[in-house]
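What follows is a single structure, written as structure tokens, with notes after it.
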């Protein structure tokens, strides 16, 4: 029985890249022997165990044969005779098919170390096509290592296109698609994930709502980049600079989905796209079972991003209604996320990337102004019930009116 460190930990060690999980492969052992040694079995379909002390995952070396569609369509062979090399051969990429033994020697049957040196993401074998989720995984690795200069090998892109053409992506479990997408949104260059999917034809299949935006024009005056798909990627790139949260980045990605259904004869204008986007976001979130907080922020971002840009012209009443739609009395954090999305939208345009976004400061002030007015500030013991609510609203509207007047004075003095 021999134990080897495999996969991500070995790859990231060689890359000097931070990693947290360690995966191990064991050769020459049976399930019975593992259990006798105190390992705890967690995989029903194939033998994966937790180490009795470290709780790291240890898997018996295995080979898989495709026997049907999708993620579960495999027959697994994990007999003690399966070799380390056979186990590594079923992995997706050469850089993930490297092992390290207990002495620290590197075992690299598929030249993964060389591909790390040349910064290439390359499939191990033609078995790559057997699991369609690999299209997403590879796009995610491209997003993770793009800043280090990694690119995908041409022959691997060609295999990804084959998987898409054969209709394999339609057999993916929606939750797995979302899991890869959410992880990709947390990487250093999430735009690369969508660019790779588009390049191999997978975006059209999995996320037609985003794919359709490419080629739809915006008015050049506001959008020198013109193309809505390009603008969406630029906004995602700006959101990535402003926030580490996949939640915020997802909402930024969705902010203009309503433009995808503007009738051609109305191009390049997109009147009403903000509200039109809500239905599309809801449909996408249903399909992939995307968590509620993602859906809520994305819908609010779509509905109100133009309010944010035009905030200096908004009536105090409109501004208060918007803030209350975000439930700022209980969820200030969500409103701050929205400000990240709006700022990203403003900067995600050719030539606007480094511009200030004074609307943000004004909206933050507006929020603080409203939050400062409570029952205590009213200081009128005669009020009760509905009268309190009415008095609060009146005081808040007065405060916002004052804020707007001060803002006009400020700009006059400058």
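No value in this document is a laboratory result; all are computed from the given coordinates. The shown structure was predicted, so the numbers you read here are calculated from the model rather than taken from an experiment. In this analysis, Cβ positions are derived from the backbone assuming ideal geometry, glycine residues included, and neighbour counts consider all displayed protein chains.
In table form, for the structure just shown:
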| quantity | calculated |
| --- | --- |
| Potential extension, residue 394-residue 170 segment - 0.36 nm per residue separation minus Cα distance | 75.2 nm |
| Considering only the chain, percent of DSSP beta bridges that pair antiparallel, nearest 5 | 75 percent |
| Residue among 231, 147, 309 with the largest mean-square fluctuation in a Gaussian network model of the chain, springs linking Cα atoms under 10 Å | 147 |
| The stretch 92-234: C-alpha gyration tensor shape, a/c 1.5 cut-off, then a/b vs b/c | prolate |
| Computed label-point distance, nm, for sites residue 54 and residue 16 using a 7 Å Cα→Cβ extension | 2.4 nm |
| Residues of the stretch 75-96 with amide N under 20 Å of the 7 Å Cα→Cβ point at residue 32 | 77-82 |
| Residue 371-residue 313 FRET efficiency (beta carbon distance; Förster radius 22 Å; 0.05 resolution) | 0.45 |
| Top of 387, 142, 61 by mean-square fluctuation, Gaussian network on the chain, Cα under 10 Å | 387 |
| Linear extension gain, residue 331 paired with residue 361, 0.36 nm per residue minus alpha-carbon span | 9.0 nm |
| Pairwise FRET efficiency - residue 244 versus residue 306, Cβ, R0 = 22 Å, nearest 0.05 | 0.25 |
| Highest average packing first - 88-95, 281-288, 161-168, 293-300, Cβ atoms within 10 Å | 88-95, 293-300, 281-288, 161-168 |
| Tilt relative to the chain, helix 190-199 - C-alpha long axis, 0 to 90 degrees, to 10 | 70 degrees |
| Efficiency of FRET from Cβ geometry, residue 125 and residue 2, R₀ 22 Å, rounded to 0.05 | 0.45 |
| Anisotropy class of the chain from Cα gyration tensor, a/c 1.5 cut | prolate |
| Length released on extending from residue 42 to residue 65, taking residue separation times 0.36 nm less the Cα-Cα span | 6.2 nm |
| Order by protection proxy (mean Cβ within 10 Å, highest first), peptides 356-366, 46-56 | 356-366, 46-56 |
| Relative packing of peptides 345-351, 380-386 - highest average C-beta neighbours within 10 Å first | 345-351, 380-386 |
| Nearest 10 degrees, 0 to 90: helix 228-242 Cα axis against the chain principal axis | 90 degrees |
| Spin-label model distance (nm) - residue 406 vs residue 161, 7 Å beyond Cα toward Cβ | 6.0 nm |
| Residue 118 paired with residue 105, simple spin-label distance in nm, labels 7 Å along Cα-to-beta-carbon | 2.6 nm |
| Helix 133-145 vs. the chain, principal-axis angle (Cα, 0 to 90°, nearest 10) | 70 degrees |
| Three-way shape label, the stretch 1-110, alpha-carbon gyration tensor, a/c 1.5 | oblate |
